[in-house]
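Below is one structure, written out as structure tokens, with a few remarks after it.
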Amino acid sequence: MAMLEIKDLEVFYGVIQAIKGVSFEVGEGEVIALIGANGAGKTTILHTITGLIQAKSGHVFFEGQEITKLPGHKIVSKGIAHVPEGRRVFADLTVLENLKLGAYTRKDKKEIEESLEMIYKRFPRLKERRGQLAGTLSGGEQQMLAMGRALMSRPRIILMDEPSMGLSPIFVNEIFDIIQEVSKGGTTVLLVEQNAKKALSIADRAYVLETGKITLSGDAKELMNDESVKKAYLGE
Amino acid sequence: MALLEVRNLGISFGGLRAVDSLDMTIDQGQLYGLIGPNGAGKTTVFNLLTGVYRPTEGIITLDGQNLVGKKTVEINKAGIARTFQNIRLFKNMSVMDNVKIGLHNHFKYNLFTGILRLPGYRKVEKSMDERAMELLKVFDLDKEAGNMAANLPYGKQRKLEIARALATEPKLLLLDEPAAGMNPNETEELMKTIQFVREKFKMTILLIEHDMKLVSGICEEVTVLNFGTVLAQGKTGDVLNDPRVVKAYLGE
Amino acid sequence: MKKYQKLLINIGIAVVIYVLVMLAIQFGWVGRQLLSMIVPVCTNVMMAVSLCLIVGFLGELTLGHAAFMSVGAYSGALVSMNLPLPGWLSLAVGLVVGGVVAALAGVIIGVPVLRLRGDYLAIVTLGFGEIIKSVFNTLGITGGASGLSGIPLMTSYRNFTLVFILTLIVVVVVSNLVKSRQGRAICAIRDNYIAAEAAGIKVSKYKVMAFVISAFFAGVAGVVYAHNISILKPGNFDYNTSIEILVMVVLGGMGSIRGSIIAAVILTLLPELLRGVADYRMLVYSIVLIVMMLFNNSKFKEKLMARRQAAKVSKEA
Amino acid sequence: ACGESAGSDSQAAASGSESQAGAAGATAEFIVGGMGPLTGSAASYGISVRQGIEVAVNEINAAGGVTAGDTTYSLKMVFADDEATEDKAVSAYNSLMDQNINALVGATTTGCCMAIADISNQDNLLVVTPSGSGVDCVKNPNAFRICFTDTLQGETLADFAVNEMGAQNIAVLYSNSSDYGTGIRDGLVSKAEELGATIVANEAFADADVDFNTQLTKIKGTNADVIVVCGYYQAATYITKQAADMGLEIPFLGSDGWDGVLETVTDPATVEGAVFLSSFFSAATDEMTSGFVSTYEENYGSTPDQFAADAYDAVYVIKAAMEQAGSIDSDALISAMHQVQIDGLTGAGLSFDENGEPNKDAKFIQISDGAYTIYGENGGEETTAE
Amino acid sequence: MDLVINIVEQLINGLRTGSIYALIALGYTMVYGIAKMINFAHGDIIMVGAYSLYVFYGILGLPAAVAVILSIIVCAVLGVVIEKVAYKPLRNAQPLAVLITAIGVSFLLQNLALLIFKATPIPFGSIIRVPSVQIAGIHISGITIVTLVVTTISMILLTLFINKTKAGRAMRAVSEDKGAAELMGISVNGTISLTFAIGSALAAVAGLLFICQYESLQPTLGALPGIKAFVAAVLGGIGSVPGAMLGGIVLGIIESLSKAYISTQLSDAIVFGVLVVVLLVKPSGLLGKIRIEKV
Ligand SMILES: Nc1ncnc2c1ncn2[C@@H]1O[C@H](COP(=O)(O)OP(=O)(O)OP(=O)(O)O)[C@@H](O)[C@H]1O
Ligand SMILES: Nc1ncnc2c1ncn2[C@@H]1O[C@H](COP(=O)(O)OP(=O)(O)OP(=O)(O)O)[C@@H](O)[C@H]1O
Ligand SMILES: CC(C)C[C@H](N)C(=O)O
Ligand SMILES: [Mg+2]
Ligand SMILES: [Mg+2]
């Protein structure tokens, strides 16, 4: 059974249909990449999964349970974390407070402390800036924070919306390393990326989204060699 | 000939030295890159150049004209236009009107002409429309002219910002991560557009970017910032091979 | 061609309204209660449309619009009462003076406008309104708490033509303004003032401009109000009045002049139409207000609008 | 003139059924309009006025209506809320006109009276305001009032303070929310100074205020012999309590707006000894007053205040004018007004001068032992002083 | 010496009204800070609190402590219900829409009270029997002391709650970005309800102290203190809890001093004049944070 299953999803913004019947699944422990051009609907899908947008029709199942109509916070507390597009860190809260909020659904103080140490180790910059208001961090620093915050919940699956956006090359590599590490640690990953090459290189499988529909899917390495993918998304 | 001269520029936020003794010279017609790790101070440099922040010390001159202490609006008039890292469009206005705001200071009629719809109004608005359309065409946005800016997909929003900046007829155009959130194809297209803009408008461009393909593809010279200070400066090819830059910024 | 079509429709609507009201007045189609509402409806339309400029287009919240109205009303009335000119002439001068004095008040309020934003500005405008009220309540020339009475009744519904023209001017000027280069700048400030500045818009200039123009028309509305009621009391221009106008603008859909006009008409007439329910009048009014706001933002309405839009789209195709 | 006591046949009339109205042969309806604030912060006045009218109308109908000429009229009240604001007053007035009122009891507040003064004069409608006390309320020939003018009241208060209480130093606390307070204050100050007294404090407050400590502290620092409060009982309630808390022992003198204060204080001791001017005395034991008070209390569950009494009298004045005129023609009614005289709740022998001002006596009421008494009689029988 | 005593007395008068403003402003600022809306009905919740006490204690004759607790519960529940019915559907509308609905709710509450309890003021004796204190010939009433103490305690608790607890952190997160807060597993609706419950409970307490101080009930009793408290909250820096307290007290004192030493007629003008000047000098209020928008 797939860990996350999306079935016949249709999403509208007013009269505009952004998602036109999308189905796919994410298996436990997999790294799945979702790629597609600007406006294809990637963000919309992630938002629908975590309940920030309501689908018009279709279903989302998490570990066999339907979560389509659940409110966002209930979905999240089932073990789904979401690193949203545009980071959306809490600008008026400090870095540390942001991280603590990531662990909002968790109870054990000691374990939370441990996770915090783990995050600080991964992102030393965050430790250094823990007292700074998140709103004054640079773009890349905010991206680290968003990622760290999501990891603080020790999710079963993490949805990432363009985590490499705005990051320096060295850090893009680092982020992808971290994603792999997270995945190795047992967390399932659903990754939305513009940097398709990198995404495909670490993913197990991938789906290609075009104007609200899935047009291609399959093994990530195979897709990487697919001519149409190469042409459209890898810039080769 | 130097268009922009920056000497010993610096600013602090509380204890944080965000930019420190920065020197940079950009010549007329150049395509210049500003790169560096996250938080190095690149956006802050843009904010200093455009008067959003006031430098703690240093000199900025454009075409020999001092810019330090001037307001954003005056600096725009003096000839600097920019885009923002976090897109800042006039979201509830049409794509066309966004560009027309950029044209504001170049197509004028007075308040009464507008209110009373005197003949000047139609004439000026018409030429504004034409000019805006021309610019939108450059960015392939002409079909979106009537749409609300908020409803554009991300990539088009970035382009619209550039179009708006160009509409103010700057001497120097500052682009803050124009390719962020674009896929390689879109980036490729954007590169072409930037080069086209440079040719067509004889524009000098300073851009911040993390996409090395774009930087190495179109920038002649770059400055690399690290912790607010210059790590390396010079011809793009040389700088990108500088081991310090590789270590601090590019990685392997 | 299409542009002119829209213009013609608007002119048509204005003419039809005018003719209908004139006929109603001439032939006594409606009761006196409704007749007496004609001018208040017009003044509220002027108030709402002028406030729409600040709230809807400039995007600043003000709770002191009634203060501009009162400044205009008092100064205009004082002029028309004391000028040794024939009635109509002194009213004309009064209208101009009322507008100009209110516009001056707009300049004064412009100073905080440049420094303050959002709710802070709202509270300062509220304070400004209370200061004006307090001063008018104390001054001798304004009649203090007893108010200024004996203002000639020159803008009652019997002079509907004049009032209608004035209202039309306000509506046309504000509509034209927001579609002009200056209006565009004002809207840009609302959407993103940082970007507007970077694009070369003088934010301070246009903010003050919006306030001054808006205040001017509120002042004119005040003069009309004064010459319809014949008595002015400082208490009638408190923040509750400002809020009433604000409600119209918000209910009308913020950036929509037509919406403001419709909301002004409805909300002015509503309490009158509710006289039938006597003691429950204000109760019903408040419930209607809440329900209208909720409806305005409801899924239901969204669906209705979506259907309409869809129909439109398919028609065009 | 019909000098008969209007309320004499009032026994529980308000509860009387409507069937009586049609008793006398040819009947018609005479519509009495009423106007005042029913909502907003001034609502209590309008409600009193409406209830006052209602009691009178029911009473008159129960007694067979009003005979003017050969027609007997039953009365009908229609009431419109004016929220005590001028613009609402105009539309309220017009809505009443749409209901074809024959005469108006109203408006309740001065501003509203002024707002409708000219239109009602153009309509040539008989207007009797129960409580509009601003001087100009009755400037037009069609308008009359039951209450005193503010200026006159101020002067009367000054006279009382200086000559009756022997005060030399007077502290004034006045409401500047409307011309009621400022009008009385003006009359008071000029008359007091004329009588040789000194105004040692002249402090304003707003009707909606609840805290008067600052003003009272200020007055405490003077050598005032009396504090004259020109305002309504709501403010008086707070003022007297806060003065008592402060230990201020200067006697209070109040304007007629004080009527009702005893019902709204928590501790009657705070108003003990206070004197105020009134034309209505709800504790009076005469038949008319006690009949009115008991009907009113029965119907509305509260003691009537002066505004209710004023309104009640206004209806009886109109009745008298109808009878006097022998018709309900407006011109006839208005000119008959100058000839009527009734014994009302607010004064015996109430009649109107050429300006529409009432001729009646003022009473001073003192609160003693937690009850209203006529000043100088200490709980004694009311005898209408003349 | 007399003058000194006089000034001190007037300062205490200012403190008396100011502490009530402060207490009301706390609720205002709390709701504003989290729900980002000016809850214009806040003043009327005070009124409801006052009438509830009257009903429970004055009419039903329940013991004072029970009546107080019930009144607070009534208001907290009312606050939550209002939020659910009138504000929640407008969560995604423009902020001004909620402001207008709040005004509607304010009208509604006032007119309901008018219909139920009538316009005539109802006397109501204080249930607080704290003796007044006399210091150096200056008299401070018991209720003033109680109000000050209650306000101070509320302020401290509220500050600690918002800044130091998990629920408080969640509130601040919700106030900034509801979507992102939801992604943290925070129930946005629950948090906003909690905010309204606390804010309205504070309003209830303010209402209780208000009538214990002034001993008279009217349907409009919350309107003026409500608006003054709103001003106080802004003066102190809206969203800032200590700011609300400071703003309330400063406002009360300015009011008192301007009435005492300048003019009772112009005191409103002076109070608002000071407000305008303060905001011009410090555009985010006395203790408000200036948020620099990072460009
Ligand atoms: N709030 C909205 N209102 C209307 N249309 C919207 C809204 N948000 C997104 N859309 C539209 O829905 C479509 C899908 O958008 P979405 O943000 O999901 O794309 P995406 O694949 O994430 O793109 P990107 O790579 O640019 O982030 C686009 O056409 C977009 O214009
Ligand atoms: N207004 C401010 N207050 C405090 N610190 C600030 C402010 N603006 C920027 N900083 C700090 O200055 C440093 C430089 O920020 P800046 O935004 O210029 O970085 P950047 O080089 O553009 O990075 P990125 O590539 O991630 O966008 C960062 O550490 C940031 O936290
Ligand atoms: C009913 C009263 C409050 C009216 C008051 N006497 C006035 O003239 O305004
Ligand atoms: Mg996206
Ligand atoms: Mg940056």
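Points worth noting:
- In the stretch C:139-170, residue most open to solvent (accessible area, probe 1.4 Å) [restricted to those that are in a helix (DSSP H, G or I), within 12 Å of another protein chain (Cβ to nearest Cβ) and modelled with pLDDT of 90 or more]: C:ILE169
- Within the stretch B:117-137, tally of residues that are in contact (Cβ under 8 Å) with a residue 24 or more places away in the chain, open to solvent by 30 Å² or more (accessible area, probe 1.4 Å) and in contact with a Phe, Trp or Tyr (Cβ under 8 Å, 6 or more places away or on another chain): 1
- Condition check for B:LEU190: within 14 Å of chain A (Cβ to nearest Cβ), closer than 21 Å to B:GLY29 by Cα and more than 16 Å from ligand 3 (Cβ to nearest atom): yes
- For the criterion of being at pLDDT 90 or above, open to solvent by less than 10 Å² (accessible area, probe 1.4 Å) and either out of contact with any helix residue (DSSP H, G or I) (no Cβ under 9 Å at 6 or more places or on another chain) or farther than 22 Å from E:PHE161 by Cβ (or both), E:LEU221 fails.
- Residues satisfying the stated conditions in the stretch A:119-141, i.e. part of a helix (DSSP H, G or I), more than 9 Å from every other protein chain (Cβ to nearest Cβ) and open to solvent by 10 Å² or more (accessible area, probe 1.4 Å): A:TYR120, A:LYS121, A:ARG122, A:PRO124, A:LYS127, A:GLU128
- Among the criteria (1) within 16 Å of ligand 5 (Cβ to nearest atom); (2) more than 10 Å from chain B (Cβ to nearest Cβ); (3) touching a Phe, Trp or Tyr at 6+ places or on another chain (Cβ under 9 Å), the one A:ALA146 does not fulfil is (3).
- Filtering the stretch D:60-74 for residues that are within 21 Å of the chain's Cα centre (by Cα), farther than 27 Å from D:GLY111 by Cα and either within 14 Å of another protein chain (Cβ to nearest Cβ) or not aromatic (Phe, Trp, Tyr) (or both) leaves a non-empty set.
- Across the stretch C:21-45, the number of residues qualifying as touching a Ser or Thr at 6+ places or on another chain (Cβ under 8 Å), without any contact (Cβ under 8 Å) to a residue 12 or more places away in the chain and either assigned to a helix (DSSP H, G or I) or not small (Gly, Ala, Ser) (or both) comes to 1.
- Among the residues of the stretch D:171-205, those identified as of a type outside the set (Val, Ile, Thr), open to solvent by less than 30 Å² (accessible area, probe 1.4 Å) and at the interface with chain C (Cβ under 10 Å from one of its Cβ atoms) are D:TYR174, D:SER175, D:ASN176, D:SER178, D:ASP179, D:TYR180, D:GLY181, D:GLY183, D:ALA204.
- Some residue of the stretch C:223-246 being away from every other protein chain (no Cβ under 11 Å) and open to solvent by 20 Å² or more (accessible area, probe 1.4 Å): no
- Within the stretch D:67-123, tally of residues that are assigned to a loop (DSSP other than H, G, I, E, B) and among the charged types (D, E, K, R): 3
- Residue match in the stretch B:9-18 (condition: hydroxyl-bearing (Ser, Thr, Tyr), within 14 Å of chain A (Cβ to nearest Cβ) and more than 16 Å from ligand 5 (Cβ to nearest atom)): yes
- In the stretch E:204-214 there is no residue that is at pLDDT 90 or above and within 14 Å of chain A (Cβ to nearest Cβ).
- Residue in the stretch C:46-58 that is in a loop (DSSP other than H, G, I, E, B), in the same structural domain as C:PHE128 (by TED's automatic domain parsing) and over 14 Å from the mean Cα position of the chain (by Cα) present: no
- Yes/no for C:GLY127 being within 11 Å of another protein chain (Cβ to nearest Cβ), more than 30 Å from E:VAL271 (Cβ to Cβ) and buried (at least 21 other Cβ atoms within 10 Å of the Cβ): no
- Criterion applied to B:GLY15, B:GLY69 was being over 17 Å from C:ALA188 (Cβ atoms), without any contact (Cβ under 8 Å) to a residue 12 or more places away in the chain and surrounded by fewer than 18 Cβ atoms within 10 Å (Cβ to Cβ), and the one residue passing it is B:GLY15.
- D:ALA348 vs. criteria over 26 Å from E:PHE124 (Cβ atoms) and either aromatic (Phe, Trp, Tyr) or touching a helix residue (DSSP H, G or I) at 6+ places or on another chain (Cβ under 8 Å) (or both): no
- Tally, over the stretch D:27-66, of residues that are part of a strand (DSSP E or B) and of a type in the set (D, E, K, R): 1
- Pairing each residue of the stretch A:181-197 that is under 25 Å from A:LYS231 (Cα atoms) and more than 16 Å from ligand 3 (Cβ to nearest atom) with any residue that is open to solvent by less than 20 Å² (accessible area, probe 1.4 Å) and small (Gly, Ala, Ser), provided the two are 6+ apart or on different chains, yields C-beta distances under 7 Å for A:LEU191/A:ALA33; A:LEU191/A:ALA199; A:LEU191/A:ALA203; A:GLU193/A:ALA33; A:GLU193/A:SER164; A:GLU193/A:ALA199; A:GLN194/B:GLY181; A:ASN195/A:SER164.
- Residue identified as surrounded by fewer than 20 Cβ atoms within 10 Å (Cβ to Cβ) and away from ligand 4 (no atom under 16 Å from the Cβ) among B:VAL224, B:VAL230: B:VAL230
Here's the yes/no breakdown for (1) out of contact with any strand residue (DSSP E or B) (no Cβ under 7 Å at 6 or more places or on another chain); (2) within 20 Å of B:PRO170 (Cβ to Cβ); (3) crowded, with 18+ Cβ neighbours inside 10 Å; (4) not assigned by TED's automatic domain parsing to the domain that holds B:LEU3:
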position: B:VAL19; (1), (2), (3), (4): no, no, yes, no
position: B:MET24; (1), (2), (3), (4): no, yes, yes, no
position: B:ILE35; (1), (2), (3), (4): no, no, yes, no
position: B:LEU62; (1), (2), (3), (4): no, yes, yes, no
position: B:VAL73; (1), (2), (3), (4): yes, yes, yes, no
position: B:ASN86; (1), (2), (3), (4): yes, no, no, yes
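- Any hit, the stretch C:67-87, residues being open to solvent by less than 10 Å² (accessible area, probe 1.4 Å) and out of contact with any Gly (no Cβ under 9 Å at 6 or more places or on another chain): no
- Taking the stretch B:79-198 and the helices (runs of 4 or more DSSP H) fully enclosed by it, the elements with 3 or more residues that are within 14 Å of ligand 1 (Cβ to nearest atom) are at B:154-167.
- Against the test of being without any contact (Cβ under 8 Å) to a residue 40 or more places away in the chain, crowded, with 23+ Cβ neighbours inside 10 Å and under 23 Å from the mean Cα position of the chain (by Cα), the options E:THR101, E:THR147 yield a single qualifying residue, E:THR101.
- So D:VAL189, is it farther than 12 Å from D:CYS113 by Cβ and more than 16 Å from ligand 5 (Cβ to nearest atom): yes
- Strands (runs of 3 or more DSSP E) contained in the stretch B:1-71 and holding at least 2 residues touching a Cys at 6+ places or on another chain (Cβ under 7 Å): B:31-35
The values are calculated or read from the model by the stated rules, or taken from the named source; none is laboratory data. What you are looking at is a predicted structure, and each value in this text was computed from that prediction instead of being measured. Virtual Cβ from ideal backbone geometry, glycine too; neighbours counted across all protein chains shown. Surface areas here come from the heavy atoms of the whole protein model, side chains and all, with no ligands, DNA or RNA. Shrake-Rupley method; radii C 1.70, N 1.55, O 1.52, S 1.80 Å.
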